[in-house]
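The values are calculated or read from the model by the stated rules, or taken from the named source; none is laboratory data. It should be emphasised that the depicted structure is a prediction, and the values quoted were computed from it without experimental measurement. Positions of Cβ are generated from backbone atoms using ideal geometry, with glycine treated the same way; all protein chains shown enter the neighbour counts.
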Amino acid sequence: MKRNMRQKNMQAYFFLSPFLIFITVLYILPAILTVAMAFTKLDSAFIWEFNGLNNFRKIFKDPNTIIIIKNTLFYVLVTIVFTVVLDLFFAIMTTYFIQDERKGNLFKAILMIPMITPAVVYSVLWIWLLEATDTGLANQFYLALGGTQAVNWIAQYPFTVVILATLLTSIAYGTTVFSSAVKSIPENQFRAARVDGAGEWEIVRNIILPNLRFHITFITLWETLGLLTNYVTIMLITNGGPGVQTEVWALSSYHKAFADSQYGYGAAISVLLILVVMVLMLVIAAVMRRQEKSQG
Amino acid sequence: MKKLLSLLLAAAMAVSALTGCSGDNNSSAGNAGDEVTGTVVLKVAHNMDFVTIPDAVLAAGERLNAKYASEGRDLKIEFETDYSSIDWTEYHNNVIFAQKNGEGPDIFSLDSDVAGFVKANMLLDISDMMTEDFVDGIFTPFMVDGKAYGMPFDLPVRVIYYNKAALKTIGWSDEQIAALPQQMASGEFTWEQFLALCAEVQSKGAAEWGLAHRPGAGNDFLDVMMTLGGEYISEDGKLVFDSEGLQRFFQEIYDNANVTKITPTNLSQMGWPTINKMVGDGTAFAYYGPIYSATYVAGAVEKTPEQFAEDVGFAVFPASQYNSQPFCIAAPQGMGINANTQYPEICKDLFRELYSGESIGQLSHHADTIFTLSSVKAANEMEDIKTNPILKEVGYMADLSISEPNVEGFTTFVTEMHKQIVLLELGQTTPEQAVADLKTQVEINLDADIVVYK
Amino acid sequence: MKNDTRPRFERKKENIAVLVMILLCIPVLFIYFSFFKNAFFVGGTGAFTLDNFRFLYEPIVLGQRTVQPIGQAFTNTVIFTAISTVCEVVISCMAGYALARMEFTGKRVITFSLLSLRLFPGVLLLIGALYVLMYLGVLNTLFGVIIVAIALRLPGSTFIIRNFFTGIPRDIENSALVDGCNRMTAFFQVIIHMVKPGIASISMFAFMSAWSNYLLFNTLIFNTKTPVLATYLRVLSRNDQMIADYGVFAAMALVYMLPVLVFFFISQKQLMEGNISGGKGI
């Protein structure tokens, strides 16, 4: 029996070893290093020099920290709310109202275009669209609709721009998840409601939304996680500016580390975000466990 | 459980054993340069567009190879080049990372943070190269703790550009226009008068904007602050935070964009091509920045240097009510030798060949290309420079030029200052607030012992 | 729909919904269309031109700068995408199979770490990853970026494929084993075919993410000798300095996006199936 177990272990670890090597060397080790770096003065000279809690003290002394926290909360909350509402709207439109699958899928495919556009191209697309001159596409429309002077959209409304840009890339994912959930609602539930004389709004409210409860929770948490940590769109469009107006937490870690070469400081900012992320992960895990239980 | 852990550890160790031995181990061998024989490959790294700098090194290499061959020495230099055009901070990090990775360049262009390279043990002390061949004081920006760590390749000054045609439009005579640079250099025509002139040109419709500047962070702004009597480097070579000077400077930046409106509020979002074009075609009457930007400006409007010199004049930063001494800052570009290179002597030979050998022409060619004087006296006497239409007019500036030492924390200061400039111009902060915010950032990001607050 | 039995009012609602969706999709399509139109038409005159595509075969001059043709960046991107996608799929299949089907010491610990790592955003560890690569001596190389890219995506894809393996009925595997296959052959000959949809789905996400990846190259590669399409385009469109004009940039962007678009239309269905991994970013 014992030999049998050993053989089984050998076999299993043979299958697992590449995975374990990758994860250990390039996931867990970097994680440990990031935490260690947070307590050092590591800069462009790359000399390890521990300085205790100094980095964290710096974070709390920096008046920008509070602005960045506000920015992050605003960015995540607003984007999340719009994402989920739009996800639901598009899912219901393309799956419930448009029963023809081909048409529905076509629209969903169009919604996916921003998501599959590489970030380097996507950001330039926005910069081009919002160009501050008379010839910029947005300004052409604005002037045609009665505007008097070309607007410098990105400098004037940086947050709106960043949120809109992020929003467009994030709706595709939630929409597909929601729409497959809508599809799996048994048809007779709808029929029964219609027989009872329920209007469309009531069907959405009383049948679709309750059935999607779990999915909505999941997408909200999942997208929150993504928004907290994914800063590429902001980096490429406004790079946190003007000033620190669109700087969010994850981006500020990147800036401190890779633009100012204060790797220790950047790592400290990262570590704080990791703590927040871990709490969020626990919540997600709990939600999923509850879902599994209620299903099983 | 134990088994799992030991397995993980074994795996990790196996990986590190496999790959760990390829780290940086290229430092010790062959230090006695004279004994090096065969073919030597030197890596050259450079950033930004003026590749005439590394090209000069490459050309010097050719000369040396010919010399070695004629002496019958078994030595041939070959080069591996890596020219990028990215942010200087990014470039700076890249060079250090490359070194940490065991593949650092042997010779590389330097950014303004020479001290950072020295701290990372990346630069060879080349104080023995500070010879009579160079223009006086030109090594200053490459000095750290009294030692020279880089060789200056040119002598570009930062100046004020102004459009001559616009002055004509508002009724200036040719003589008046021709006399302006000299008046500004002598202290007769002040900064306050110049700003008024910008406003006048704009209000009379001779230009759309009075005064422009670069879109990103840069040292040009410090020149204006200095004109306004602000200080940023102390006598003993430390970074200075001069609240009063900054306050005046920020007030002016704010006023230019929001009160007198001679500067567009969104200048920082415009980008180089737009700004270069504005300066080149006279949309903006005046501009301040390094004289070598003239290559870009002329390029943006497709003009030859001769045509460009017709249209645009250059002047030093004039006196003001806070600073009686007109000046311009010399900001030479230069290259350094990696302290870890296997071939320090060959690298030094290359530099020597450039400033005192037959390759001096390369330096004068570089200087001519980017419209600046050269760092080497002999190069300034060469035909290229003597006949350059722009250089002809600015030769006198060398006497008014100041070199600034390299100070720790400078890059952070300039970057943070620029963030405030952007906000000020957009009208999103006040000068007082900007000084306070900048101060907090400097206090947080720079160690207390490297900054003097006043 | 041939035999649409729905009442007329429902079809009317569908038509309204279609109309609304069309109205909402038009701006997006219009913006993309107008942007890419720049590639083919001269700014001022509107004349048709292919001049913007010269970067495909020869160096082009943009302002003060000479830009090398796109060939090398394209090759590097293909190499990067191919290797990282294949490795990611193979490694995650092996690990997913072991976690779903085998009994061994430490299974619970590894399963638990997988579940947590899947949710953990690896982007936050870039500073640490940089240091590891530096220590391994592969910083600044395509190889270094490849291994980081694989590692960051492994937990997500392993999780997905593990679920697919769990879904295969035990019987099929058992009968293969009884038929005289050992684990290895059972794995390669029988089981792998059962999870084809799963493999399709993870490889698609791996492809998309590898092809568009910018951040890893921006942080882990420091020379100009290893350009990929993302950095090739980025260098010409920095925030303070749009070096390429929009015509050239749109042309480049089109070349960059073409494989993605083709792939997108082929694999749209899997994309629709909405996989819980997210195809964006890293």
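Please determine whether any residue of the range B:252-269 is out of contact with any Phe, Trp or Tyr (no Cβ under 9 Å at 6 or more places or on another chain) and free of Cβ contacts under 8 Å to residues at least 24 places away in the same chain. Full working, then the answer.
Quick first cut of the range B:252-269, residues out of contact with any Phe, Trp or Tyr (no Cβ under 9 Å at 6 or more places or on another chain) only: B:252, B:254-260, B:265-266, B:268-269.
With the extra rule that they be free of Cβ contacts under 8 Å to residues at least 24 places away in the same chain, the set shrinks to B:255, B:259.
Yes, there is a match, as at least one residue in the range B:252-269 is out of contact with any Phe, Trp or Tyr (no Cβ under 9 Å at 6 or more places or on another chain) and free of Cβ contacts under 8 Å to residues at least 24 places away in the same chain.
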>> What are the pairs with Cβ atoms under 8 angstrom where one residue, in the range B:142-171, is among the polar types (S, T, N, Q) and the other, located anywhere, is in a strand (DSSP E or B)? Sequence gap at least six, or different chains.
In response: B:ASN163/B:ALA284; B:ASN163/B:PHE285; B:ASN163/B:ALA286; B:ASN163/B:VAL312; B:ASN163/B:GLY313
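May I ask you to list the residues in the range C:69-95 that are surrounded by fewer than 18 Cβ atoms within 10 Å (Cβ to Cβ) and within 11 Å of another protein chain (Cβ to nearest Cβ)? Steps first, answer last, please.
Taking the range C:69-95 as the starting set, the residues that turn out to be surrounded by fewer than 18 Cβ atoms within 10 Å (Cβ to Cβ) are C:69, C:71-72, C:75, C:78-79, C:82-83, C:86, C:90.
C:VAL90 - this is the single residue of the range C:69-95 that is surrounded by fewer than 18 Cβ atoms within 10 Å (Cβ to Cβ) and within 11 Å of another protein chain (Cβ to nearest Cβ).
Residues that are within 29 Å of B:THR372 (Cα to Cα), among the hydroxyl-bearing types (Ser, Thr, Tyr) and within 14 Å of chain A (Cβ to nearest Cβ): does the range B:291-300 have at least one? Before you say what the answer is, go through the steps one by one.
Applying the first criterion (within 29 Å of B:THR372 (Cα to Cα)) to the range B:291-300 yields B:291-300.
Filter once more, so that each one left must be among the hydroxyl-bearing types (Ser, Thr, Tyr): B:292-293, B:295-296.
Cutting the leftovers down to within 14 Å of chain A (Cβ to nearest Cβ) gives us none.
Scanning the range B:291-300 turns up no residue that is within 29 Å of B:THR372 (Cα to Cα), among the hydroxyl-bearing types (Ser, Thr, Tyr) and within 14 Å of chain A (Cβ to nearest Cβ).
Taking the conditions exactly as written (in contact with a Ser or Thr (Cβ under 7 Å, 6 or more places away or on another chain) and either free of Cβ contacts under 8 Å to residues at least 60 places away in the same chain or not small (Gly, Ala, Ser) (or both)), does A:THR238 satisfy them or not?
yes
I want to confirm something. Restricting to the range A:255-267 and keeping residues that are among the hydroxyl-bearing types (Ser, Thr, Tyr) and out of contact with any Gly (no Cβ under 9 Å at 6 or more places or on another chain), which single residue is nearest to the other protein chains (Cβ to nearest Cβ)?
First, pick out the residues of the range A:255-267 that are among the hydroxyl-bearing types (Ser, Thr, Tyr): A:261, A:263, A:265.
From what is left, the residues that are out of contact with any Gly (no Cβ under 9 Å at 6 or more places or on another chain) are A:263, A:265.
Working: A:TYR263: 6, A:TYR265: 8 Å.
Checking each candidate, the answer is A:TYR263.
Mind checking whether some residue in the range A:74-95 is surrounded by fewer than 18 Cβ atoms within 10 Å (Cβ to Cβ), within 8 Å of chain C (Cβ to nearest Cβ) and not in a loop (DSSP other than H, G, I, E, B)? Step through it out loud before you land on a result.
Step one: filter the range A:74-95 for residues surrounded by fewer than 18 Cβ atoms within 10 Å (Cβ to Cβ), giving A:74, A:77-78, A:81-82, A:85, A:89.
Filter once more, keeping what is within 8 Å of chain C (Cβ to nearest Cβ): none.
No.
One residue is enough: does the range B:91-98 have a residue meeting the conditions at pLDDT below 85 and more than 20 Å from the chain's Cα centre (by Cα)?
Taking the range B:91-98 and keeping what is at pLDDT below 85, we get B:93-94, B:97-98.
With the extra rule that they be more than 20 Å from the chain's Cα centre (by Cα), the set shrinks to B:97-98.
Yes, the conditions are met somewhere in the range B:91-98.
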>> With charged (D, E, K, R) and away from every other protein chain (no Cβ under 14 Å) as the only criterion, which of B:GLU425, B:GLU408, B:GLU416, B:GLU383 stands out?
In response: B:GLU383
> Taking into account only those residues within the range B:60-71 that are aliphatic (A, V, I, L, M) and surrounded by fewer than 19 Cβ atoms within 10 Å (Cβ to Cβ), which is nearest to the other protein chains (Cβ to nearest Cβ)?
Replying inline: B:ALA66
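Inspect all residues belonging to the range A:22-45 and state whether any of them is in a helix (DSSP H, G or I) and among the basic types (Lys, Arg).
Let us first name the residues in the range A:22-45 that are in a helix (DSSP H, G or I), namely A:22-37.
In the following step, the residues that additionally are among the basic types (Lys, Arg) were identified as none.
Scanning the range A:22-45 turns up no residue that is in a helix (DSSP H, G or I) and among the basic types (Lys, Arg).
Taking the criterion of being among the aliphatic types (A, V, I, L, M) and within 30 Å of C:VAL190 (Cβ to Cβ), would at least one residue in the range C:74-83 satisfy it? Even if it seems obvious, please write down each step before you answer.
In the first step, residues of the range C:74-83 are kept if they are among the aliphatic types (A, V, I, L, M); the result is C:78-79, C:82-83.
Still in the running and within 30 Å of C:VAL190 (Cβ to Cβ): C:82-83.
Among the residues of the range C:74-83, at least one is among the aliphatic types (A, V, I, L, M) and within 30 Å of C:VAL190 (Cβ to Cβ), which makes the answer yes.
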>> Go through (1) surrounded by fewer than 22 Cβ atoms within 10 Å (Cβ to Cβ); (2) touching a helix residue (DSSP H, G or I) at 6+ places or on another chain (Cβ under 8 Å); (3) closer than 26 Å to C:GLN268 by Cα; (4) more than 13 Å from chain C (Cβ to nearest Cβ) for A:PHE159 and report which single condition fails.
In response: (3)
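Quick one: how many residues across the range B:402-415 are modelled with pLDDT of 90 or more and of a type outside the set (A, V, I, L, M)?
Taking the range B:402-415 first, the residues modelled with pLDDT of 90 or more are B:413-414.
Now narrow it down to the ones that are of a type outside the set (A, V, I, L, M): B:413.
Number of matching residues: 1.
Matching residues to (1) facing another protein chain (nearest Cβ under 9 Å); (2) assigned to a helix (DSSP H, G or I); (3) in contact with a strand residue (DSSP E or B) (Cβ under 8 Å, 6 or more places away or on another chain); (4) of a type in the set (Gly, Ala, Ser):
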| residue | (1), (2), (3), (4) |
| --- | --- |
| C:PHE207 | no, yes, no, no |
| C:THR219 | yes, yes, no, no |
| C:ALA250 | yes, yes, no, yes |
| C:PHE264 | yes, yes, no, no |
>> I'd like the full set of residues that are part of a helix (DSSP H, G or I), free of Cβ contacts under 8 Å to residues at least 12 places away in the same chain and surrounded by 11 or more Cβ atoms within 10 Å (Cβ to Cβ), limited to the range A:142-156.
In response: A:TYR142, A:LEU143, A:GLN156
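Is at least one residue of the range B:326-337 closer than 29 Å to B:ASN121 by Cα and within 14 Å of chain A (Cβ to nearest Cβ)?
To start, the set of residues in the range B:326-337 that are closer than 29 Å to B:ASN121 by Cα comprises B:329-337.
Then keep just the ones that are within 14 Å of chain A (Cβ to nearest Cβ); that gives none.
No, there is no match, as no residue in the range B:326-337 is closer than 29 Å to B:ASN121 by Cα and within 14 Å of chain A (Cβ to nearest Cβ).
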>> Give me the residue from the range C:107-151 that is within 8 Å of chain A (Cβ to nearest Cβ) and outside any helix (DSSP H, G or I) and, out of that set, nearest to the chain's Cα centre (by Cα).
In response: C:PRO121
> Of all the residues that make up the range B:111-134, how many are more than 22 Å from B:HIS92 (Cα to Cα) and either crowded, with 18+ Cβ neighbours inside 10 Å or not hydroxyl-bearing (Ser, Thr, Tyr) (or both)?
Replying inline: 6
> What is the number of the single condition among (1) within 14 Å of chain A (Cβ to nearest Cβ); (2) touching a residue at least 40 places away in the same chain (Cβ under 8 Å); (3) more than 24 Å from the chain's Cα centre (by Cα) that B:GLU432 does not meet?
Replying inline: (1)
> Taking the range A:1-42 as the region of interest, how many residues are closer than 27 Å to C:ALA149 by Cβ and more than 7 Å from every other protein chain (Cβ to nearest Cβ)?
Replying inline: 8
> What number of residues in the range B:98-126 are of a type outside the set (Val, Ile, Thr) and touching a Gly at 6+ places or on another chain (Cβ under 8 Å)?
Replying inline: 10
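Could you pull out the residue among A:SER270, A:SER252 that is at the interface with chain C (Cβ under 9 Å from one of its Cβ atoms), assigned to a helix (DSSP H, G or I) and modelled with pLDDT of 90 or more? Spell out the reasoning first.
Details: A:SER252 fails: at the interface with chain C (Cβ under 9 Å from one of its Cβ atoms).
Exactly one residue qualifies, and that residue is A:SER270.
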> Does the range B:96-127 hold any residues that are touching a helix residue (DSSP H, G or I) at 6+ places or on another chain (Cβ under 8 Å) and of a type in the set (D, E, K, R), and which are they?
Replying inline: B:LYS100, B:ASP106, B:ASP111, B:ASP113
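Quick check on C:PHE104: is it surrounded by 15 or more Cβ atoms within 10 Å (Cβ to Cβ), facing chain A (nearest Cβ under 9 Å) and touching a Lys or Arg at 6+ places or on another chain (Cβ under 7 Å)? Lay out the reasoning, then the answer.
Working: surrounded by 15 or more Cβ atoms within 10 Å (Cβ to Cβ): yes; facing chain A (nearest Cβ under 9 Å): yes; touching a Lys or Arg at 6+ places or on another chain (Cβ under 7 Å): yes.
Here the answer is yes, as C:PHE104 does meet what is asked.
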> Picking from A:THR220, A:THR224, which residue would you name as being under 17 Å from A:VAL85 (Cα atoms), surrounded by fewer than 19 Cβ atoms within 10 Å (Cβ to Cβ), away from chain C (no Cβ under 11 Å) and not hydrophobic (A, V, I, L, M, F, W, C)?
Replying inline: A:THR220
